[in-house]
Every structure is written in C-alpha cells, then in structure tokens.
Amino acid sequence: MRGNREKGKPSAVAATRQAFRYRQLAGEIEKKILEGTYQAGEKLPSIRRLHQQTNLSISTVYRAYVELENTGFVEARPKSGYYVRPVSFKKLEVPALRKNTSAPQRVNLAPVINSVIAAISNPRFVPFGNTAMDPALLPVKAFTRILKSLSRNEMRTLLSYSPSEGFPELRRQLALRTLGVLEGIEPEDIIITNGCMEAIALSLLAVTRPGDTVAIEAPTNFSFLQLLKELGLLVLEIATDPQEGVDLKELEKSLRTNTIRACLFMPNFQNPLGALMPEDKKRALVKLVTSHGVPIIEDDISSQLYFGEQHPAPLKAYDREDLILTCSSFSKTLAPGLRLGWVIPGRRLSSRIQRLKAGITISTSTLAQYVASRFLASGAYERHLRALRSALKKQLFRIAIEIQNHFPAKTRLAVPRGGSLLWVELPPGIDGLAVYQAAFERNIAIIPGAVCSNSNQFDNFIQIGCSAPFSRRIKESIGILGSITAGFLTPDPLKNRPHS
Ligand SMILES: Cc1ncc(COP(=O)(O)O)c(C=O)c1O
C-alpha cells in the first residue's frame, strides 16, 4: 500500500484520507489474520517498521493497530508491541449433540414467533435476528445501472408474464453456475420460484400429503416449521450435530421405525446451527435415505457463503436415485427482495413441480429475473460473492470474538465455516426466551432457540445473525446481550422468568 506522508495539522480532506488509510491498513492486517497468514500469538511488525514499509504516517499506523485492538484481533503487550490474538475461540466450547430424536408430532409454533418476526423486520432494532443480507451489502449500484439501461420496448416485455418454469436466460445462467458442482444440469432442469421458500413448498407439495411425516433437523429454521404446519404435515425431529449436521444413526433408526415421506435438511451452513456436513457424510446420508426410497428436499441457500476455498457440494451431487430436490435462492447472496429462487427437482418430479408452480403462482417476476440474469451474465456476481464472503467472515468472526469476551463462562458456540449465523448455547439454566425479551426491551432483535424446534429442546439457546457490518453499535449490543445473560446468572430465581 502506498500513501503520502501527512504533515502538520490535517485539513478536513486529509483527515478523511487518513481515516480511510488507517481503516484500509487495519483491514489488510485483519484479512491476513483471518486467512492465517499471521498466526495466533505472532508478533506484528512494529509501528515504526510498518510506517517505513507502507509510507504511511506513524499516527495512521498507530490508529490501525488501535482499531485492530478494538475489534479484538490484536493485543498490545506493554513494552513489547502488538500480537495476534487467538481467533481460534479456544475459550468457547462447542455445544454438545442432543440425542433427542422425537416421534412424529404436529407442529406447535412457539407463541413468541410473531413477536420475533416483528422484531426482525423492525429497522430500529439491532438486526441480530436477520438471516438475510444487510442492505449495506446489496449490489445497489449495479442493479440501478441495469434498470436505468432498459429501453421502453424491453420494459414492455419485462412487465409481461414469463414462462411459468422461468425466464430462459436466468435458467441458462443458473445452469452454467452448476459447472464443477453438479454434473449434467441443463436449463430445463431448473424451475424458477418466488424465493427458496416457494421452492421448498412446491417440493413438499410434490412428495407429501397432509398428515404425512417429514424428517427435519433439530434445531431447524423456524420458517420451515411455519410452512410444515400450514401444509398439515407432521414433523419428526432428528438429532443434529452443531458442526457436522444430522445424526445418521438417529436418522437410520427413525427411517426403520416410522413412515417418513420426505426429509427436509440443510447440509451446508445449516440454519440455525451453521453446521457444514462433511462430504463423505453427505454421500452416506444420501445413500441411507434414498435406499428407503425417501426423497430429500435440501435447502442449499447458503452454500455460496463458504469461508474456505471450496464451494461445498449439495446432496444432489451424490444422488444416484433421482430423489434429491435442491432448493436455493438469491436471498442470501444477492437481494432477498428480488424474491428469486429455484428448485432442481430431478427428472422424475420435474413435471409435477412445473404443474404445481403454474397452478399456484403462475410465474415469477419477469423484471426481477431479467435484472438478475443480466447481473449474472456480466460476471459481476462472482466479484460480488467474493466481497460478500469476506465481509460475512469478518463480521461473524468479530461478533464471535465479542461473544467470547462478553458472555459469561459456560457459554458455548461453534464458529461456523460459512454463512452468517451463530448458534449460542447459554450457560445452564438460562432461558433464551428471557434473554430475547430483555434484549427486545433494549431494541435488540435476536432469535430465541425456542422457535427453532418443535419440542423445547433448545430453550437455552439464542441465534445471533451476523449479516450487518460490524460497528460500534453492534459491538456494544453484544456487550449488552452478554450483561443481560450474566444478569440471569444471579441466584435470585425470580430474575430468570420471562417478562410478560
Ligand atoms: C435457511 C433458509 N432457507 C430459506 C429462507 C428463505 O429464503 P427466500 O427468501 O429465498 O424465500 C431463509 C431466510 O432467510 C433461510 O434462512
């Protein structure tokens, strides 16, 4: 990095430039820490050395280090210098697998669900309840440019219906994106939907009838519970490991002893756990379930948000029986408001899904599909994804560091390797709903674990979404959540009661 030396008292412009430079330098060092180039415990270059190396002023380099200290990536040791702090989260233990696989049950939504949804969508609240992208991360400029470039003639076409299975160019672009991930996917294999939730709803409608049992992960995304309830389906919760996903032994037992019509799983960066199923486990899972002739509906919405080098494979990559329905969308990667998703249902179920799509919503917004396909065709999506992954990784790591620093002992957390969610186990005896309600009163939205299961197994968990850029407000809010949690540790039994 090159920069001019700042001399004397800085003007307003120079001050802005300096602020930009110290943040840029802090960002570069932070990236090297997160990528493991600088390792935990390693001494960082002295201020003087960095000043000479970068040509930045002493005060700019100093401010960069202070910034890194504030965000928890480095620590200053008296008379010694700056050192990389461990970002291995050693103080945090991983939540244990809960072996509470259930029998089939009707869905009972936790009564607090409406309040949770209201808090998530309240713009005044600190957005830890959000699982979708923060508006600051949306590619606003590129989309505005595409919209401005539309002619009246084009607009006329775009304001009409598109084919019910989807706008051809978007299907083509999506088929191109499966290269290296899934074999042999042609545009006709992909059906465009109104978001991932419609893709999942159509898939469930294609393979179940009201009263059937669907195997789900425990915990699961609360939107799945809402949908399964509306479709009159029963749920069988399968114990799910916080790091490696659904427990195969438990699943095998359930498949043997119940009539399961479908599984609804999320193998890549599961919501709410963040779990990433190892590839050989995915292969074994597909073999196990399909050998019973049971279809798996997989939610693959977050697989693009990996922090490592490789896009994790969907279950469909291991499908030999044509029984996997892969559902996804742009809600976590491009813009949730586009309401654009898709399902790759396989040859056997394709026409059934197409009929359901045509019969239920006719088609998906032509304008949204057109804008998205132009964005994909321009090559900008890859660049956008790279920036998004790195932003999410930083945000999530920073928040996890803050949790490590500010939550009481015995808080557990598995830091995921992708996505934007942290699933936090509170110290024993602390009610996640009580923490949710106290946080609500401070205008902080979180998701209580109680809404993520059908059987009260996760009442002492909370989910913290990390989709918003890290800021002082975010940092302070994690501090507040930590104090709220610690407050419930006091021996006064009345304190741990949810407020009404
Ligand atoms: C795991 C998961 N699947 C699906 C959805 C909904 O996706 P869409 O907005 O594309 O319908 C969400 C929402 O954030 C989600 O977290």
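Read-outs throughout are calculated quantities, based only on the coordinates presented, and are distinct from any laboratory measurement. Note that the structure is predicted; figures quoted are calculated from it, not measured. Here the Cβ positions follow ideal geometry from the backbone for every residue, glycine too, while neighbour counts run over all protein chains shown.
Data for the structure
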read-out	value
Listed residue (Gln404, Gln457, Ala387) projecting farthest to the positive dipole end of the range 382-496, Cβ model	Ala387
Of the DSSP H helices in the chain, those whose Cα atoms cover at least 15 Å axially and whose Kyte score averages -1.0 or more	12-34, 58-70, 195-207, 279-291, 347-361, 366-377, 380-406, 472-487
Sorted peptide list for 391-403, 469-481, criterion being average Cβ within 10 angstrom, highest first	391-403, 469-481
Assigned charges on the beta-carbon of Lys, Arg, Asp, Glu; the chain dipole about Cα centre (debye)	1920 debye
Highest-first arrangement of 362-374, 21-33, where packing means the average Cβ count within 10 Å	362-374, 21-33
Mean ellipticity per residue at 222 nm, deg cm²/dmol - from DSSP H runs of n ≥ 4 across the chain, formula -39500 (n - 2.57)	-13000 deg cm²/dmol
Cβ-defined net charge surrounding Pro428, 12 Å radius [Lys, Arg +1; Asp, Glu -1]	-1
Furthest towards positive pole of dipole, Asn268, Leu182, Gly41, structure part the chain, Cβ charges	Gly41
Among 118-127, 377-386, the order from most to least packed when residues are scored by Cβ within 10 Å on average	118-127, 377-386
Local electrostatic count, Arg145, Cβ distance below 15 Å [Lys/Arg +1, Asp/Glu -1]	+3
Coarse-grained scattering of the range 140-380 at q = 0.09, 0.12, 0.15 Å⁻¹, given as base-10 log I(q)/I(0) from a Debye sum over alpha-carbon atoms	-0.37, -0.66, -1.01
Pairs of alpha carbons in the chain whose separation is greater than 41 Å (percent)	24 percent
Compactness of the range 382-496 - radius of gyration and Dmax, Cα, Å	14.5, 53
Neighbourhood net charge (12 Å Cβ-Cβ; Lys/Arg +1, Asp/Glu -1) for Ala119	+1
Residues Ile146, Ile58, Ile192 arranged by fewest to most Cβ contacts within 10 Å	Ile58, Ile146, Ile192
Dipole magnitude (debye, nearest 20) for the range 134-245, charges at Cβ of Lys, Arg, Asp, Glu	860 debye
Whole-angstrom gap from the range 357-424 to the range 191-229, using each part's C-alpha centre	21 Å
Mean separation of Cα contacts under 8 Å, 6 or more apart, over the residue count of the range 240-394: relative contact order %	17 percent
Inter-centroid distance (Cα atoms) of the range 120-147 relative to the range 292-343, Å	22 Å
Charge-dipole axis of the chain as Lys and Arg at +1 and Asp and Glu at -1 on Cβ define it, positive-most pick from Leu147, Pro111, Ala206	Leu147
